[in-house]
1. May I ask you to order 134-140, 166-172, 110-116 by the average number of other C-beta atoms within 10 Å around their residues, highest value first?
2. Please list 66-75, 11-20 highest first by mean number of surrounding beta-carbon atoms within 10 Å per residue.
3. Ignoring everything except DSSP H segments at least 4 long, calculate the 222 nm mean residue ellipticity for the chain; use -39,500 (n - 2.57) per segment, divide by total residues, nearest 500.
4. Distances over 23 Å make up what percent of all Cα-Cα pairs in the chain?
5. At what distance in nm do the modelled label points of Lys6 and Lys100 sit from each other, each positioned 7 Å from its Cα along Cα→Cβ?
6. Straight distance only, please: which aspartates and glutamates reach the Cα of Lys7 with their own Cα at less than 20 Å, same-chain residues fewer than 8 apart left out?
7. Given a cut-off of under 8 Å on Cα pairs at least six residues apart, what relative contact order in percent is computed for the chain?
8. If Lys and Arg each add +1 and Asp and Glu each add -1, what is the summed charge of the other residues whose beta carbon sits under 13 Å from the beta carbon of Glu63?
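What follows is calculated from the coordinates using simple rules that are stated; it is not laboratory data. Note that the structure is predicted; figures quoted are calculated from it, not measured. Every residue, glycine as well, gets a Cβ built from its backbone with ideal geometry; the counts of neighbours run over all protein chains shown.
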Amino acid sequence: MSIEMKKVCVFCGANSGTDPAFAAGARSLGHAIAERGLGLVYGGGKVGLMGVVADAALEAGAEVDGVIPEHLMQRELGHGSVTRLHVVSSMHERKALMAKLSDGFVVLPGGFGTLEEAFEVLTWSQLGLHRKGTVFLDVKGYWSTLNAMMDGMVTAGFVRAEHRLLSLTAENPAQALDMLAAYRPPEVTRWIERVAQA
């Protein structure tokens, strides 16, 4: 049974990247979220792709929840116009609250922080801690090398083929949101259960 989608969490860069297509993809995703009557949950920043996706969702009529740690607020990086800005004490609390508020995850281009957020929710899914989908929005092929790496993890025996299906890839925002709406996690023995049985 799929989860009813109400709010979508977007992980993305605090920079805009070198190609204007990245910002265009973030803008399109923000609009698409609003057009479907969904809310946006994101990292609370006003800069980079974070600011772009938040501004686009707001201007198209979506409610936007930003979640930002106190140390970034002190550097005046918080978005002052979102519907709700949750200020938390740490990066760990930020990720936990973003996940709690959301019904699925879309990953736009970004750097180390974006990858860390995406792989944490994928790991939680692998361990059976949630049943929410994770979709990488492959703007201009940005995630192609990452997909190849994850395929290599399966070949090398570090990721089961069934768990590879936890990470989805979409070519455009509409496809990403369709995938989240239809997502049903693969029914496989969880990694931790297999270890316990060994």
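1. 134-140, 166-172, 110-116
2. The most tightly packed comes first, giving 11-20, 66-75.
3. About -13500 deg cm²/dmol.
4. 41
5. Label at Lys6, label at Lys100, 1.4 nm between them.
6. Qualifying aspartates and glutamates at Cα under 20 Å: Glu35, Asp55, Glu59, Glu63, Asp65, Glu93, Asp103, Glu117, Glu120, Asp178.
7. 23
8. +2
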